[in-house]
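A quick write-up on the structure given underneath.
The values are calculated or read from the model by the stated rules, or taken from the named source; none is laboratory data. Keep in mind the model is a prediction, meaning the values are calculated, not measured. Because the Cβ atoms are built from the backbone with ideal geometry, glycine has one as well, and the counts that use them run over all protein chains shown. The area values use the complete protein model at the heavy-atom level, side chains included, leaving out ligands, DNA and RNA. Shrake-Rupley method; radii C 1.70, N 1.55, O 1.52, S 1.80 Å.
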Amino acid sequence: IDNNGFTDSYPANVIILPDPAANFHTSIACQNMVVTFTDASTANGGGNIGVYDWNFGDPQSGINNTAGIPDPTHIFSGYGCYNVRLIVVNQTNCRDTIIKPVCVFKAPPVDFTFDTACLNQLVHFNGNSGTTQIDSIVTWSWNFGDGSPLGTDPGTTQHLYINVGTYIVTLTVTDHHGCVHDTSHTVRVNPLPVAGFTWAAPFCTGSALQFTDQSYVPSQYTGYVAKWLWHFGDGSADVTVTIPNSPNVIHTFATGSFSHLVTLTVWTGDSCTASITQTVTSIPAPISNFEYSTANCQGQSIQFTDLSQNNGGGNITSWTWNFDDP
């Protein structure tokens with residue numbers, strides 16, 4: 001319309017371009033784990049999408065809070081729910097925005113205890129501590145740090161080390177959400193003591209016998225033998241000796257046998273143990289006996305005749321008579 005009131009018009013076609021449709025999917029979101037975001041946006045007939053603008057709603061992650069690629073990953077700074085925003089822009093500069101809440105599950109707490117570790121003796125590991133939430137755990141993975149296959153026993157397990165040294169043992173658990181967490185402890189495998197003893201030989205049946213301890217710990221180890229247990233194999237009570245008492249003992253075997261299996265078991269201060277068994281053989285004592293004439297008169301000689309037997313212990317070499325006549 002001009003100043004004189006005349007009008008005119010011009011028809012034109014206006015093309016409304018469709019916006020893209022923003023969308024995405026996520027993997028399981030767990031504390032301290034990488035979360036994968038997968039773009040599920042569609043062009044919607046408006047041309048290829050060329051710009052992806054991600055904001056993970058996690059300002060504490062700093063520069064990692066944003067991304068500009070179709071399928072980014074992100075590690076959230078803590079557990080809880082975050083509003084993740086995705087803006088997509090197509091080649092005609094049309095755009096769409098979507099915001100989805102992403103809830104990050106707390107990592108399952110995990111810990112374990114273990115007893116003294118000794119060479120070639122089973123070490124018991126216990127994951128059923130007050131920290132680990134047993135009911136929520138789906139899988140267990142034990143890495144004993146010595147190159148052996150992983151253990152999968154739930155909660156508790158045991159392992160035998162064949163070399164002395166220090167090992168990093170790691171327990172990894174997965175809960176019913178699919179969240180994974182692990183913890184590690186250093187396990188020191190101590191060498192075993194070496195048990196040994198000697199005794200005075202030969203010795204005669206019925207006489208007291210001295211046993212001398214010769215146990216020790218390997219020279220490269222700073223531990224010490226702290227306990228000894230003597231088992232004499234003759235039905236008598238065992239003898240237990242603890243430091244600082246002398247481990248050397250004296251024992252008289254019960255009669256009836258000339259051979260006894262004597263076992264010495266020793267423990268170090270860290271409870272590693274070893275034992276040794278040796279056969280201790282006694283020599284049969286001779287059987288003393290004599291006879292004499294029955295018709296004896298004062299002032300006359302009396303004939304005494306030895307009837308002693310060697311009893312299998314070798315020839316008799318000395319005789320000592322006492323006539324009870326001081």
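Can you pull out the chymotrypsin sites (Phe, Trp or Tyr not before Pro) in segment 1-47 that DSSP calls coil and that have at most 14 other Cβ atoms within 10 Å? It would help to have the intermediate numbers written out before the result.
Working: sites: PHE6, PHE24, PHE37; in loops: PHE6.
Passing sites in segment 1-47 are PHE6.
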Next on the checklist: Could you derive backbone 3J(HN,Hα) for segment 161-175 from the dihedral phi with the Karplus parameters 6.51, -1.76 and 1.60 (θ = phi - 60°), listing whole Hz in sequence and x where the residue is Gly or Pro?
Outcome noted: 9, 9, 9, 5, x, 10, 10, 9, 9, 10, 10, 10, 10, 10, 8
Item to check | Whole-number Å³ per residue for the convex hull built on Cα positions in segment 274-326 | outcome: 139 Å³
Checklist outcome for this item: Going residue by residue through segment 184-189, the Karplus relation 6.51 cos²θ - 1.76 cosθ + 1.60 with θ = phi - 60° gives ³J(HN,Hα) values, rounded to whole Hz and with x marking Gly or Pro, of 10, 9, 8, 10, 9, 9
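Taking R0 as 25 Å, what FRET efficiency do you get between TYR216 and ILE250 from their Cβ-Cβ distance, rounded to the nearest 0.05?
Details: r = 22 Å, r/R0 = 0.87.
Efficiency for this residue pair is about 0.70.
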Checklist entry - Among all cysteines in the chain, which have no other cysteine Cβ under 4.7 Å from their own Cβ? => result CYS94, CYS204, CYS297
Checklist outcome for this item: SASA check, THR66, accessible area w/ 1.4 Å probe, all protein chains in place, rounded to nearest 10 Å², comes out at 80 Å²
Checklist outcome for this item: Taking a crude spin-label model, label points 7 Å out from Cα along the C-beta direction, the ASN296 to THR113 distance in nm is 7.7 nm
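Please give the length that would be gained between ASN55 and ILE162 if that part of the chain were fully extended, namely 0.36 nm times their separation in residues minus their C-alpha to C-alpha distance (nm, one decimal). Can you show the working numbers first?
Working: separation 107, 0.36 × 107 = 38.52 nm, distance 5.26 nm.
Length gained, ASN55 through ILE162: 33.3 nm.
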Checklist entry - Each label point is 7 Å from the Cα along the Cα-to-Cβ direction; what then is the distance between the points at SER257 and PHE323, in nm? => result 4.5 nm
Checklist outcome for this item: By the Cα gyration tensor axes a ≥ b ≥ c (a/c under 1.5 gives rounded; else a/b larger than b/c gives prolate, otherwise oblate), the shape of segment 166-225 is prolate
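Going through segment 218-258, which chymotrypsin sites (Phe, Trp or Tyr not before Pro) have at most 12 other Cβ atoms within 10 Å and a DSSP loop state? Kindly include the intermediate steps, with their values, before the conclusion.
Details: sites: TYR221, TYR224, TRP228, TRP230, PHE232, PHE253, PHE258; in loops: TYR221, TYR224, PHE232, PHE253, PHE258.
Qualifying residues, ordered by number: TYR224.
Using every Cα-Cα pair within the chain, state what percent have a distance larger than 28 Å.
Counting every Cα pair in the chain, those more than 28 Å apart make up 71 percent.
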Checklist entry - Under the Karplus relation 6.51 cos²θ - 1.76 cosθ + 1.60, θ = phi - 60°, what is the ordered set of whole-Hz ³J(HN,Hα) values for segment 78-89, x standing for Gly and Pro? => result x, 7, x, 9, 10, 8, 8, 10, 10, 10, 10, 10
Checklist entry - If each of SER207 and CYS103 carries a label point 7 Å out from its Cα toward its Cβ, how far apart are those two points in nm? => result 8.6 nm
Checklist entry - Based on the Cβ-Cβ distance of SER184 and LEU122, what FRET efficiency does E = 1/(1 + (r/R0)^6) give at R0 = 22 Å, to the nearest 0.05? => result 0.60
